[in-house]
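Participant: Here's a structure for you.
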Amino acid sequence: MVEWYLVSNTDNEVTYRMVNGDTHKTIGNMTVNKETKAYKLDYAEEMTIHYESMTYDFILGAIERNIYPDYSYDGWC
């Protein structure tokens, strides 16, 4: 399970912290540009494609709806 915590939300970009819901370890941060949808990662050694793709999809959904929850989570697919 991955948990997301809002780190920052500006006019140009949004950043969420990724946390492993099972171990409660911070995985890293993902920042997405609201206009270009380009992203950058600041992450620890535990990052996987699964965390990266789930987080990117979550943030894109937040941008599309213009709703940025302070906290959210999703289980394994």
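The values are calculated or read from the model by the stated rules, or taken from the named source; none is laboratory data. Note that the structure is predicted; figures quoted are calculated from it, not measured. Positions of Cβ are backbone-derived with ideal geometry, glycine not excepted, and every protein chain shown enters the neighbour counts. Ligands, DNA and RNA are excluded from the accessible area calculation, which covers all protein heavy atoms including side chains. Shrake-Rupley method; radii C 1.70, N 1.55, O 1.52, S 1.80 Å.
Participant: With axes computed from alpha carbons, what is the tilt in degrees of helix 49-65 against the longest principal axis of the chain, rounded to the nearest 10 within 0 to 90?
Facilitator: Here the helix axis deviates by roughly 30 degrees.
Participant: For the chain, with equal point scatterers placed on the C-alpha atoms only and solvent neglected, what are the log10 I(q)/I(0) values from the Debye formula at q = 0.12, 0.17, 0.19 1/Å, to two decimals?
Facilitator: For the requested q values the scattering log ratios are -0.28, -0.56, -0.71.
Participant: Once amide H atoms are built 1.01 Å from N in the peptide plane, which residues 5 or more positions from LYS34, or in another chain, come under 5 Å H to H?
Facilitator: GLU13, VAL14
Participant: Test of understanding: what is the full-extension gain from HIS50 to ILE67, defined as 0.36 nm times their sequence separation minus their Cα-Cα distance?
Facilitator: 3.8 nm
Participant: Among the GluC sites (Glu not before Pro) within the chain, which fall in a DSSP loop and have no more than 13 other Cβ atoms within 10 Å of their own Cβ?
Facilitator: On the way: sites: GLU3, GLU13, GLU35, GLU45, GLU46, GLU52, GLU64; in loops: GLU35, GLU45, GLU46.
For GluC sites (Glu not before Pro) across the chain that sit outside H, G, I, E and B with at most 13 neighbouring Cβ atoms in 10 Å, the list reads GLU35, GLU45, GLU46.
Participant: On the accessible surface of segment 1-46, probed at 1.4 Å, how many percent belong to carbon and sulfur atoms?
Facilitator: Details: 1170 of 2650 Å².
After summing per-atom areas, the C and S share lands at 44 percent.
Participant: With every protein chain present, what is the per residue accessible area of the chain (1.4 Å probe, Å²)?
Facilitator: Numbers: 4650 Å² over 77 residues.
Solvent-accessible surface per residue comes out at 60 Å².
Participant: Something else: Within straight cross-link reach of LYS40, meaning Cα distance under 17 Å, which aspartates and glutamates are found once same-chain residues fewer than 8 apart are removed?
Facilitator: Filter leaves ASP11, GLU13, GLU52, ASP57.
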